[in-house]
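Have a look at the structure below before the remarks.
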Ligand SMILES: Nc1ncnc2c1ncn2[C@@H]1O[C@H](COP(=O)(O)OP(=O)(O)OP(=O)(O)O)[C@@H](O)[C@H]1O
Ligand SMILES: [Mg+2]
């Protein structure tokens, strides 16, 4: 039995005739979810342009935030895929600087020692030669263009992932002759665009035939600015001392860190501290990592846009409640409880912003996909960003609709009806 | 013995220092058809709002369909309106752009009945008021009289024991007004208690009972016996 809390609540009274009349207390019925949705959507349906514009405000904010997250995730995904293709198991060791500041060099047996480390699968090396390279023999000696000349082991491309863009890599035969393979940037600076027997550069005071040009090497960008010749010809023609200046290794994926920790000491047991060991894929990742500060700024701008959108929704809802006083009065006369009026307007606000949220997420996906396509990246929008976007709009819709909904519910029915 | 549908005992309503209704005593039995008549500002709408439980009295006892209004919460009063009271207003209060059928069906939106049933009852109610061929029209495509008949259909599709009409012919020309009055009589003949507010003495004179209000007080309660239809 209900009504015990109210002393006057008896549901029993005396009729005109004096006979007691017992009546059950009326009980308000619940709206079905479908009716709830229909009722909440009725205001939007009757004013579609206004609904569209207020939802647009929210959509722009969400789209901005989703795009920032999506573009940054796409660029990261692109980097990850490229690194995966390049391999992250390349390690590089070079002599660094000696204690006294002069360029140190690796011992002659360094390559052999390194290849004995268990997990090491490949070893290759270059050794800097004291020579300069020019487009032809008329260029003044001072204008060498910052191109290094180095002797290269024949397995250098295998180890570093370097690929030939034109012509071919050195072989047993050409490594003994004045033949050169140019790094991508080096070829550009020398004005060499193709390889062939008739293409020559002036290297170490004599002509070298350009047999090949490399693509840029992402994991060994230093090779881009290098003119690579065979080890034997460097020794015989360029006064090269035969010492490697950079050694490249590939190891088993799961042992790269272990190899990295012993590489310096193995390469140069006497001066392990002078060697520089690096993992080029880390450097690449660090260099291309998206700018966190810029991202935070853009996200902040998106959040401001979202906030403005939320204010727009609140404004729309306040106006809607003012305009629809007569409707509110009618609904109350039809038997709507205060709670049902409140729910209707809160629902309208939630619908409005959810519409904006879903639109914004779609827009954000569009922007991310478009921008990624233009950059040649795979388009990726993390699921958490999409879910977060929609969740944020629901919170905003709830906050924006709360006050108008409370006002609508508090409106006395007679006053509401009188306003028409 | 059935209880009265409306019973007011010493009901007053004040707005600040304005007393809109003073010590009203009124009993309306089931199946009655009556007018509340009086000049503008005499408290007719106030009386209707109190009977319709849209407003609580400042003092006095109000019993509607056997329920003591003061004992019910706002939520329970809403339920009482949903189940027992139909309203017809001078301004129709139809939802623009919504088909007539759905406008009428929404009369039972808060009654707990399914949408299919609401629409089925709405169609029957629209037939009853002579708008069976207008189901999918929008309110703006209807004449004033048709709009008011739509509003009446919305008020009665759940067959409430009590129908309250505040100036139902106020916005209509005389022909449509008579039409609407005829419809209200018909509903009354079918068993609904109908209370009509009007400032039109001719309309009041045509009904079996007329309660006269002046300055917030019931000054006369006229009953006539046999009447021409
Ligand atoms: N919400 C309110 N606040 C203050 N005064 C009110 C309010 N509602 C009604 N009144 C006053 O109460 C009195 C009765 O008003 P009511 O609306 O009941 O009259 P009425 O008989 O329906 O008049 P009409 O025929 O013009 O509709 C009037 O003097 C009116 O000014
Ligand atoms: Mg009035």
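Just so you know, all these numbers are worked out from the coordinates, no wet-lab data involved. Model, not experiment: these values are computed from the prediction. Here the Cβ is made from the backbone with ideal geometry for all residues, glycine too, and neighbour counts use every protein chain on show.
If one computes P(r) from the Cα atoms of the range B:23-81, what percent of pairs lie at distances over 14 Å?
Working: 995 of 1711 pairs.
Pairs farther apart than 14 Å: 58 percent.
Please state, to two decimals, what the Cα-based radius of gyration of the protein assembly as shown comes to when divided by 2.2 N^0.38 Å (N = residues).
After normalising by residue count via 2.2 N^0.38 Å, the value is 1.73.
Note on A:328, B:64: ascending count of other Cβ atoms within 10 Å places them as A:328, B:64, the fewest first.
Note on A:202, A:231: ascending count of other Cβ atoms within 10 Å places them as A:202, A:231, the fewest first. Spin-label model, residue A:255 to residue B:137: label points 7 Å out along the Cα-to-beta-carbon direction sit 9.1 nm apart.
Using the Cβ-Cβ distance between residue A:121 and residue A:395 with R0 = 60 Å, the FRET efficiency computed as 1/(1 + (r/R0)^6) comes to roughly 0.65.
When every alpha-carbon pair in the range B:82-229 is counted, what percent end up more than 27 Å apart?
Values: 2339 of 10878 pairs.
Percent of Cα pairs beyond 27 Å in the range B:82-229: 22.
On the basis of the beta-carbon distance and an R0 of 45 Å, residue B:189 and residue B:73 show a calculated FRET efficiency of 0.80.
If the chain linking residue A:374 and residue A:136 were pulled fully straight, counting 0.36 nm for each residue of separation and taking away their Cα-Cα distance, it would gain 81.7 nm.
Helix B:174-189 and the long axis of chain B differ in direction by around 80°, with both axes built from C-alpha atoms. Highest-first packing order for the peptide set A:306-314, A:340-348, A:255-263 is A:340-348, A:306-314, A:255-263, based on the mean count of other beta carbon atoms within 10 Å. Neighbouring Cβ atoms from other chains, within 10 Å of the Cβ of residues in A:29-35, number 4 on average. In this calculation the C-beta distance from residue B:59 to residue A:418 is compared with R0 = 22 Å, giving a FRET efficiency of 0.45. Comparing mean-square fluctuations of A:118, A:357, A:204 from a GNM of chain A with C-alpha springs under 10 Å, the top value falls on A:118. Between B:18, B:37, B:100, the GNM of chain B built on Cα springs shorter than 10 angstrom shows B:18 fluctuating the most.
With a 10 Å cut-off around each Cβ of B:82-89, the average count of Cβ atoms from other chains is 5.
Share of antiparallel DSSP beta bridges in the range A:89-279, in percent to the nearest 5?
Values: 30 of 39 bridges.
Antiparallel: roughly 75 percent of the beta bridges in the range A:89-279.
Counting Cβ atoms of other protein chains within 10 Å of each Cβ in B:110-120 and taking the mean gives 3.
By the Cα gyration tensor, the range A:155-242 has an equivalent ellipsoid whose semi-axes, rounded to whole angstrom, run 18, 15, 12 from largest to smallest.
Most exposed first by the Cβ proxy, i.e. fewest other Cβ within 10 Å, how do A:274, A:205 rank? Walk me through the intermediate numbers first.
Details: A:274 17, A:205 12.
Ranked by crowding around the Cβ, least crowded first: A:205, A:274.
Restricting to the protein assembly as shown, compute how many DSSP beta bridges are antiparallel as a %, nearest 5.
Values: 53 of 80 bridges.
Here the share of antiparallel DSSP bridges comes out near 65 percent.
Per the Debye formula on identical point scatterers at the alpha carbon atoms of the range B:17-152, with no solvent, log10 I(q)/I(0) at q = 0.13 Å⁻¹ is -0.69.
With no solvent and one point on each alpha carbon, what is the Debye value of log10 I(q)/I(0) for the range A:89-279 at q = 0.08, 0.09 Å⁻¹? For the requested q values the scattering log ratios are -0.25, -0.32.
For chain A, set up a GNM with springs between Cα atoms under 10 Å and report which of A:115, A:372, A:42 has the largest fluctuation. For chain A, modelled as a Gaussian network with Cα springs under 10 Å, the answer is A:42.
Pull out the extension gain between residue B:199 and residue B:40, defined as 0.36 nm times the separation in residues minus the alpha carbon to alpha carbon distance; nm, one decimal.
Working: separation 159, 0.36 × 159 = 57.24 nm, distance 0.72 nm.
Value of the extension gain: 56.5 nm.
Give me the angle, in degrees from 0 to 90, between the Cα long axis of helix A:383-410 and the longest principal axis of the Cα atoms of chain A, rounded to the nearest 10. With rounding to tens, the tilt is 20 degrees. Helix B:74-84 and the longest principal axis of the C-alpha atoms of chain B enclose an angle of approximately 60°.
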